[in-house]
Structure formats: structure tokens, C-alpha cells
1. Counting just the residues of region 147-197 that are within 23 Å of residue 216 (Cβ to Cβ) and not in a helix (DSSP H, G or I), which one comes out nearest to the chain's Cα centre (by Cα)?
2. Note down all Cβ pairs under 9 Å where the first residue falls in region 53-74 and is free of Cβ contacts under 8 Å to residues at least 40 places away in the same chain, the second is among the charged types (D, E, K, R) and crowded, with 19+ Cβ neighbours inside 10 Å, and they're at least six residues apart or on different chains.
3. Could you identify the single residue in 23, 31, 81 that is surrounded by 15 or more Cβ atoms within 10 Å (Cβ to Cβ) and either outside any helix (DSSP H, G or I) or modelled with pLDDT under 95 (or both)?
4. Identify the single condition in (1) more than 15 Å from residue 191 (Cβ to Cβ); (2) under 15 Å from the mean Cα position of the chain (by Cα) that residue 144 does not satisfy, given that it satisfies every other one.
5. Against the condition in contact (Cβ under 8 Å) with a residue 40 or more places away in the chain, under 15 Å from residue 169 (Cα atoms) and either touching a Ser or Thr at 6+ places or on another chain (Cβ under 8 Å) or surrounded by 21 or more Cβ atoms within 10 Å (Cβ to Cβ) (or both), how does residue 46 come out, does it pass?
6. Exactly one condition in (1) part of a loop (DSSP other than H, G, I, E, B); (2) at pLDDT below 95 is not met by residue 72; state its number.
7. Which residue is farthest from residue 136 (Cα to Cα), if the candidates are limited to region 43-77 and must be under 17 Å from the mean Cα position of the chain (by Cα) and of a type in the set (Gly, Ala, Ser)?
Amino acid sequence: MITKEGLKQELDKLQEQYETRDFIKDDPVQFVHLFKDKEDIEIAGFIAALFAFGKREVFIKKLFSLFNFMQMKPLDFIINFNQEEFDSELNYRFIKPYDLIKFFSSLKRLYLQDKMTLEELFAAGFSKKKDIFTAFQFVCDYFYNIEKESPGYKFMLSNPKNKGAMKRMNMFLRWMIRKNSPVDIGIWNFLQPSELLIPLDVHVGNISRSRGLLSRKQNDFKSVLELTCKLKEFDEADPIKYDFALFGLGVNSK
């Protein structure tokens with residue numbers, strides 16, 4: 001049975017091996033590296049994270065189509081968004097054109113009417129109770145309204161009230177918060193890396209259980225907290241760097 005120290009050494013080695021520039025080209029994080037201006041980066045990252053489900057090669061191809069439709073100018077596209085000119089062919093699995101129209105309209109309201117950025121929206125939510133769950137709920141509530149949301153819209157913007165793992169949101173925050181990384185962009189400042197939560201999906205859950213890092217059987221928000229707490233035993237200041245190690249464990253176990 002592997003010791004705690006042995007496991008830490010294994011995770012540290014894998015993190016260093018996989019957290020490299022080479023990781024970017026096959027991952028949705030590549031879209032935050034296509035832009036230089038902060039608003040373009042955060043909008044592109046948010047969209048890329050929300051589309052990051054299903055087969056990787058398929059959603060990455062869809063994202064390139066979407067950003068090409070935006071003429072590679074996310075902020076300009078959002079500020080000048082006109083639903084009458086939106087390409088009805090732009091959709092992905094559960095996410096339909098009318099879901100994207102509503103989402104882009106909400107982003108337009110955020111930047112143009114409310115004069116806030118995505119960072120300011122997330123930060124405002126975090127300031128309520130100083131926890132990420134509250135921040136996610138605040139952001140979700142901004143994009144939802146009293147109308148009945150379509151299944152695609154609810155899938156794209158998962159409601160934290162359902163106590164799911166919120167994998168794509170946590171992944172997005174990893175991109176935006178972690179600094180001095182060859183992969184993550186680190187342009188937001190309202191959180192510290194120590195406050196981030198692990199992006200948990202079925203793959204990460206299974207790998208973590210196989211290494212004794214996670215005891216809970218469900219891949220839910222409680223499991224996110226349990227696994228993050230365990231990873232803090234190996235690096236309290238930056239536990240989510242081990243997301244790359246868990247990815248590496250999965251690759252090496254195939």
C-alpha cells in the first residue's frame with residue numbers, strides 16, 4: 001500500500017510532467033490563450049468551459065466555429081450582439097441556438113447595461129459569504145430568470161442548488177485564478193489558489209478513489225470538498241495543481 005509521502009511524490013511528479021505548454025493544445029484551456037485583452041480572455045474562457053462536455057475533439061471543433069463566427073473578438077461580439085443576425089446552425093448537443101441567444105443577451109446586459117465584467121460578477125458573489133458555492137449560485141441566478149429555463153440552458157449553466165460537482169465552473173476558475181502556470185492564465189485576483197476547488201468528473205472521481213484520495217461514492221459537491229481537502233494535505237497553498245496529476249494518473253492507467 002502506497003504511503004502518504006509516496007503518494008505525494010507520485011502526484012508532484014505527475015503534476016510537473018503534465019502542467020506544461022504541451023497540455024494546452026488538446027484542452028479547452030487553449031481558448032483563453034488565443035486572446036490578449038482581459039475581457040476577451042474571460043469571455044472566451046467562460047464560453048469554452050461551459051461547452052466542455054462530451055467528446056473533446058467535437059466540442060473543441062464547435063468552439064472554433066463559434067469564435068470564428070465572433071470574428072475572434074468575443075467582447076466586441078457580446079457588446080454588439082444582435083439575435084436577428086445569430087447563426088441558427090451554431091449549437092452543440094443539448095445547447096440550442098435559442099439557449100445561446102439568451103446566454104449572449106445576458107452577457108451583453110452584464111457588460112453594457114450593468115457595466116460589470118465576469119470577474120466582477122464572480123467576485124460580487126464570492127463577497128456574500130466568502131465561499132465558492134455562493135459565488136456560483138450568484139452567477140447562476142444572474143443568468144437565470146423567472147421564466148422556465150430550457151433543458152439545454154440548465155445543462156450549460158448548472159444550478160448549484162442541485163449540489164452537483166460544478167466541474168466546468170471550477171475548471172474555469174482554475175484557469176482564471178492560478179498564476180505562474182504554463183497552462184492557467186491567472187488574470188483574476190479576488191480568489192487565492194488555496195481557495196479553489198477541484199474540477200471533479202467521473203474520471204477524476206474514479207482515479208481519486210483508486211488512490212485513496214476520495215471515499216465518497218457520489219461525484220457531487222460534497223465529494224469536491226472532500227477531495228480538495230485531501231489535496232490540501234499535499235499542498236495547502238495550491239491544491240488544485242494536482243488536477244494535472246490526476247489527469248496524468250488517468251493517462252498512465254490506460
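1. 166
2. That search, which allows pairs on different chains as well, returns 72/40; 73/40; 74/40; 74/42.
3. Every option except 81 fails the conditions.
4. (2)
5. Yes.
6. Residue 72 satisfies every listed condition except (2).
7. Selected residue: 54.
The values are calculated or read from the model by the stated rules, or taken from the named source; none is laboratory data. In this text, all values refer to a predicted model and were calculated from it rather than measured experimentally. Quick reminder, even Gly has a Cβ in these numbers, built from the backbone with ideal geometry, and neighbours come from all protein chains shown.
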